[in-house]
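In what follows, a single structure is set out as structure tokens and then discussed.
Just so it is clear, none of the values below were taken in a lab; they were calculated from the coordinates. Because the structure is a prediction, the values reported are computed rather than measured. Cβ placement follows ideal geometry from the backbone for every residue including glycine, while neighbour counts extend to all protein chains displayed.
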Amino acid sequence: MWTSTQYRNVVRGSAWYDLIVTAAFATPWSFAAVHAALTALSQALALPGELPPFAPVHMLMANLLGSVVCVWALLRIRHPQARYGRYDALARFLFATWQAYALVHGASSLLVVFLVFELAWGIAQLLPVRTPSRAGSLAPC
């Protein structure tokens, strides 16, 4: 069980994680570099699964994802409200579902690292928050 201050720190921490991990997805140039690095790492480790080359429409989807996640992360960094943490947990479980789906259908095993973090942050943001007995408590979720 979190205190309201601890929970706000979890929401802010998950947002910083998202911003750091996803910022490179926001532009075609930075994503191309990340994609090349992940492909090289996957090949060097001889991991099962595929990290295919991206066509322009794939790049567009990656850039849209990166842009939206970065804006969502900035909102949670500036305003780490409980309701945002709960919505973020839902989004993380949706992301984890689609990551698991991709893994089952042949995506690179590198995706497992991201899947673990999605589940961990999602669970952390679903844990209960202790309501303080004084005024100024965290708004109910």
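Computed from phi, the 3J(HN,Hα) profile of region 70-86 under the Karplus parametrisation 6.51, -1.76, 1.60 (θ = phi - 60°) reads 5, 5, 4, 5, 4, 4, 6, 5, 6, 9, x, 7, 4, 4, 5, x, 5 Hz, with x in place of Gly and Pro. Answer rounded, prolate or oblate for region 23-122, using the Cα gyration tensor with square roots of eigenvalues a ≥ b ≥ c: rounded when a/c is under 1.5, else prolate when a/b is larger than b/c, else oblate. Cα axes put region 23-122 in the oblate bin.
With both labels modelled 7 Å from their Cα along Cα-to-Cβ, the residue 113 to residue 17 distance reads 1.4 nm. The charge dipole of the chain, taken about the Cα centre with unit charges on the Cβ atoms of Lys, Arg (+1) and Asp, Glu (-1), comes to about 740 debye, rounded to the nearest 20. When the charge dipole of region 4-126 is built from unit charges on Cβ atoms (+1 for Lys and Arg, -1 for Asp and Glu) and taken about the Cα centre, the candidate among 32, 17, 44 whose Cα reaches farthest toward its positive end is 17.
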